[in-house]
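Trainee: Structure in structure tokens, see below.
The values are calculated or read from the model by the stated rules, or taken from the named source; none is laboratory data. None of the values given here were measured: they were computed from a predicted structure. Every residue, glycine as well, gets a Cβ built from its backbone with ideal geometry; the counts of neighbours run over all protein chains shown. The area values use the complete protein model at the heavy-atom level, side chains included, leaving out ligands, DNA and RNA. Shrake-Rupley method; radii C 1.70, N 1.55, O 1.52, S 1.80 Å.
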Amino acid sequence: MKILQIIPYFCFGGAETLCENLSYALRNQGHDVVVVSLYNEHTPIARRVEAAGIKIRYLNKKLGLDLSMVPKLRRIFREEKPDVVHTHLDVIKYATLAAKLAGVPKCVHTVHNLAEKEAEGRAQKIINSTYFRLGWSTPVALSPEVAQSIGDFYGRDEKTIPIIGNGIDLSGCQVKDDYSLGNTVNILHVGRFHPQKNHPGLLRSFRELLKTHENCILNLLGDGDTRKDMEALAQELGISEKVRFCGVQSNVYPYFHDADIFVLPSDYEGMPMTIIEAMATGLPIAATAVGGVPDMLTDGDSALLTACDEGAFTDAMARLIEDGALRERLGRQARADSVRFSAEEMARHYVEIYHNS
């Protein structure tokens, strides 16, 4: 089977990591995979995908609405002759129409976040809803909550919406085997700088944590629109010497291995890939119980889950620092549970959807 995955570009995010991992797993299962990037950015992830032998075609999209993407994609589809076009994020508005015009038999679209959050604006909602209603594209949810949001937002029966969780190559993770703390407690967050990820709340929670645990460092991996604002906020809060803005890293696994605690304070989520990476590393995790997170982690068993409350999040981080037995128990259980989220299993489920959609 030949599959074309379409994505805006390989920035640092969960959708992009899913596209990368799915491409490898599909290829390893004998399928022909090509990726199309609407923008021309040759990011670290894009270079990694190409180095692995997967072709990426770049379309030099302009910022904003660019209707030239439809004929460009149609031309690519006619040249590549895919059996399936698999779209991610807002490329659906161009790629699904182009696939229909090119005679591509099947389109699948992964909804990476709550449907009302992912569809930006009324026009995108109408376009997506039309594609789904006409059967031009099959929506796939990352979690039961995302499936429910698709049903509510687009007026569909959520029971008919397939659910496929994110998956990664678990063999790439560097498994943690020592849960003792050194002189410095290394707290890690990995994610793009976007309001969804709630960096302001994390920084304020971390400031409160430093009042009782001054030997902590917060490492923030990623980049995005709000990074400069967060750097300014760290200065304003007086914690800039304790917060490291590490940027985008081509290999995040050493950062996971070297961390003592992983944190995810998001206001909303689909099924965050970084949680899987933290689980597969065996890290103790503090996270907000939003989106698909409670479907991945169990409070008190494999993580500490909190409401979107800065005080509660501070308390969760403090508990993990103060209780070594808790850190180890949660980390080892998270590692054991991570086998549910392998890239191979994810790819097998997607192939079933490709055949049946």
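Trainee: How tilted is helix 122-134 with respect to the longest principal axis of the chain? Cα atoms for both, answer in degrees (0 to 90, nearest 10).
Mentor: Helix 122-134 sits roughly 60 degrees off the main axis of the chain.
Trainee: I'd like the orientation of helix 324-337 relative to the chain: the angle between its Cα long axis and the longest Cα principal axis, in ° from 0 to 90, rounded to 10.
Mentor: Between helix and principal axis, roughly 20 degrees.
Trainee: Just the number: Rg to Rh for region 61-139, Cα atoms, Kirkwood Rh, two decimals.
Mentor: Here Rg/Rh amounts to 0.95.
Trainee: Hey, what number do you get for the chain at 222 nm if only DSSP H runs of n ≥ 4 count, each worth -39500 (n - 2.57), divided across all residues, to the nearest 500?
Mentor: -13000 deg cm²/dmol
Trainee: Next up: Looking at the chain, what % of its DSSP beta bridges pair antiparallel, to the nearest 5?
Mentor: The antiparallel proportion sits near 0 percent.
Trainee: Using amide H atoms built in the peptide plane, which far-off residues or other-chain residues are under 5 Å from Arg244 H to H?
Mentor: Placed amide hydrogens put Leu218, Asn219, Leu220 under 5 Å from Arg244.
Trainee: To test your reading of the geometry: what angle, between 0 and 90 degrees and rounded to tens, separates the Cα axis of helix 310-322 from the longest principal axis of the chain?
Mentor: 60
Trainee: Moving to a separate point now. Per residue of region 194-202, what does 6.51 cos²θ - 1.76 cosθ + 1.60 with θ = phi - 60° give for ³J(HN,Hα)? Whole Hz please, x for Gly and Pro, Karplus curve as stated.
Mentor: Each residue's phi maps through the Karplus curve to give 8, x, 3, 7, 6, 4, x, x, 5 Hz.
Trainee: Ratio of Rg to Rh for region 146-186, alpha carbon only, Kirkwood?
Mentor: Rounded to two decimals, Rg over Rh is 1.37.
Trainee: Taking the square root of 5 times each eigenvalue of the Cα gyration tensor, what semi-axes in Å does the equivalent ellipsoid of the chain have, largest first?
Mentor: One finds semi-axes of 36, 20, 19 Å for the chain.
Trainee: Quick one: 3J(HN,Hα) in Hz for region 253-259, Karplus 6.51/-1.76/1.60 with θ = phi - 60°, rounded, Gly and Pro as x.
Mentor: 4, x, 5, 4, 4, 7, 6
Trainee: Once the whole set of protein chains is in place, how much accessible area is left on Lys211, using a 1.4 Å probe, in Å² to the nearest 10?
Mentor: The accessible area of Lys211 comes to roughly 140 Å².
Trainee: What number results when the radius of gyration of region 238-331, computed over Cα atoms, is divided by 2.2 N^0.38 Å?
Mentor: Expressed relative to 2.2 N^0.38 Å, the Cα Rg reads 1.06.
Trainee: Still on this structure: Please list, in chain and number order, the residues 5+ apart from Leu264 or on another chain whose amide H is under 5 Å from its amide H, with Hs placed from the backbone.
Mentor: The answer is Ala286, Ala287, Thr288.
Trainee: Give me the net charge of Gly182's neighbourhood, meaning all other residues with Cβ under 14 Å from the Cβ of Gly182; Lys, Arg count +1, Asp, Glu -1.
Mentor: Spelling it out: positives minus negatives among the neighbours equals -1.
Trainee: If ligands, DNA and RNA are left out, what is the accessible area of Cys11 with a 1.4 Å probe, given in Å² to the nearest 10?
Mentor: We get 40 Å² for Cys11.
Trainee: If you don't mind, there's one more thing I want to ask. Explain nothing, just the number: relative contact order of region 11-102, from Cα pairs under 8 Å at least 6 residues apart, as a whole percent.
Mentor: Relative contact order of region 11-102: 24 percent.
Trainee: Same structure again: Kindly rank 256-263, 75-82 from highest to lowest mean number of other beta carbons found within 10 Å of each residue.
Mentor: 256-263, 75-82
Trainee: In whole Hz, what ³J(HN,Hα) sequence does region 80-97 give by Karplus (6.51, -1.76, 1.60; θ = phi - 60°), x for Gly and Pro?
Mentor: Each residue of region 80-97 in turn: 7, 6, x, 7, 9, 10, 10, 9, 9, 6, 7, 5, 4, 5, 8, 6, 5, 5 Hz.
Trainee: Quick query: amide H of Asp169 versus all other amide H atoms, modeled in the peptide plane; which residues come in under 5 Å with a sequence gap of 5 or more or a different chain?
Mentor: When sequence neighbours closer than 5 places are left aside, the close amide H contacts are Ala343.
Trainee: Given an 8 Å cut-off on Cα distances and at least 6 residues of separation, report the relative contact order of region 9-162 as a percent.
Mentor: Rounded, it is 16 percent for region 9-162.
Trainee: State the volume of the convex hull built on the alpha-carbon positions of region 260-306, expressed per residue in Å³ and rounded to an integer.
Mentor: Cα convex hull per residue, to the nearest whole number: 60 Å³.
Trainee: Using only alpha carbon pairs under 8 Å that are at least six residues apart, calculate the relative contact order of region 248-330 and give it in whole percent.
Mentor: 27
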